[in-house]
Amino acid sequence: MSLVRVHNFSVSLDGFGTGEGQQLDAPFGHAGTRLMEWAFETRTFRAMGIHGESEGSFGVDEAFASQWGPGVGVEIMGRNKFGPQRGPWENEDWKGWWGDNPVFHTPVVVLTHHPRPVLEMEGGTTFHFVDADPASALEQARALAPGMDVRIGGGASTVRQFLQAGLIDHMHIVLVPILLGRGERLWDGLESLEERFDIEATPSPSGVVHLVFTRRAVL
């Protein structure tokens with residue numbers, strides 16, 4: 001069976017995976033870019049078209065960032081990761097934050113209560129808009145990429161729902177040393193999560209801590 005994975009998901013010290021007030025020019029709300037600044041100088045994110053000040057690092061952050069792609073055949077994301085619009089689609093002109101050639105290059109399942117037709121983009125990315133619970137969405141995702149791993153891309157509520165359903169096998173969380181105070185929290189309702197996973201922590205010179213959760217085998 002393919003694995004269900006989370007990679008490069010950043011949270012603040014007070015547990016927020018995004019800030020309050022998401023809008024077109026602020027995908028992470030009032031958090032701005034602070035949750036993801038650790039990644040901007042990695043070679044992986046530079047290859048995605050993220051602007052930085054260097055040619056891209058080979059250090060600790062890059063070692064973790066680079067694991068997001070290998071073996072993954074499909075991503076599942078929440079509606080708010082795809083775009084800032086809420087409720088019924090006012091129109092279908094919006095095609096995501098990533099331009100005509102998104103970084104995924106795989107099928108992407110977008111969870112929404114307002115499905116729309118499949119959206120085919122350049123580079124092999126195809127967005128499928130579905131109204132489904134986590135288990136049903138995972139079944140549909142696996143059908144789009146048989147035998148390949150499934151990445152849960154976020155946002156915070158989507159990752160939390162898959163954790164609550166017991167569906168995540170491997171999770172990489174990046175603890176960023178900032179306090180946001182408001183936004184969308186990751187950990188609410190997940191008391192005793194640590195009992196289900198082996199957890200390793202790796203500090204980085206950039207100031208973040210990489211936390212890797214590996215689901216324990218059921219004996």
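The values are calculated or read from the model by the stated rules, or taken from the named source; none is laboratory data. Treat the numbers as computed from the prediction; the structure is a model and nothing was measured. Glycine also receives a Cβ, built like all others from the backbone with ideal geometry; neighbour counts cover every protein chain displayed. What goes into the accessible areas is simple: the full protein's heavy atoms, side chains included, and nothing from ligands, DNA or RNA. Shrake-Rupley method; radii C 1.70, N 1.55, O 1.52, S 1.80 Å.
Please go through the range 107-152 and pick out each residue that is among the small types (Gly, Ala, Ser), out of contact with any Gly (no Cβ under 8 Å at 6 or more places or on another chain) and open to solvent by 20 Å² or more (accessible area, probe 1.4 Å). Spell out how you get there, then give the answer.
In the first step, residues of the range 107-152 are kept if they are among the small types (Gly, Ala, Ser); the result is 123-124, 132, 135-137, 141, 143, 145, 147.
Those still in the list that are out of contact with any Gly (no Cβ under 8 Å at 6 or more places or on another chain) too: 123-124, 132, 135-137, 141, 143.
Listed by number, the residues that qualify are 123, 124, 132, 135, 136, 143.
Filter the range 153-177 for residues that are crowded, with 16+ Cβ neighbours inside 10 Å, touching a residue at least 40 places away in the same chain (Cβ under 8 Å) and out of contact with any Asp or Glu (no Cβ under 9 Å at 6 or more places or on another chain) and give the result. It would help to see each step written out before you state the result.
Keep residues of the range 153-177 that are crowded, with 16+ Cβ neighbours inside 10 Å, which gives 153-163, 167-176.
Pick out the ones that are also touching a residue at least 40 places away in the same chain (Cβ under 8 Å) and you get 153-159, 162, 167-176.
Passing the criteria: 154, 158, 159, 162, 167, 168, 171, 172, 173, 175.
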Residues located in the range 177-205, provided they are touching a helix residue (DSSP H, G or I) at 6+ places or on another chain (Cβ under 7 Å) and under 22 Å from residue 69 (Cα atoms): 202, 204
State all residues of the range 178-198 that are open to solvent by less than 70 Å² (accessible area, probe 1.4 Å) and either basic (Lys, Arg) or without any contact (Cβ under 8 Å) to a residue 40 or more places away in the chain (or both); if no residue qualifies, say none. 189, 190, 192, 193, 197
When residue 201 is evaluated against the numbered criteria (1) among the small types (Gly, Ala, Ser); (2) open to solvent by less than 60 Å² (accessible area, probe 1.4 Å); (3) without any contact (Cβ under 8 Å) to a residue 40 or more places away in the chain, which criterion, by number, is the only one it fails? (2)
Of all helices (runs of 4 or more DSSP H) completely enclosed by the range 1-92, which ones contain at least 1 residues that are open to solvent by less than 30 Å² (accessible area, probe 1.4 Å), charged (D, E, K, R) and touching a residue at least 60 places away in the same chain (Cβ under 8 Å)? 60-65
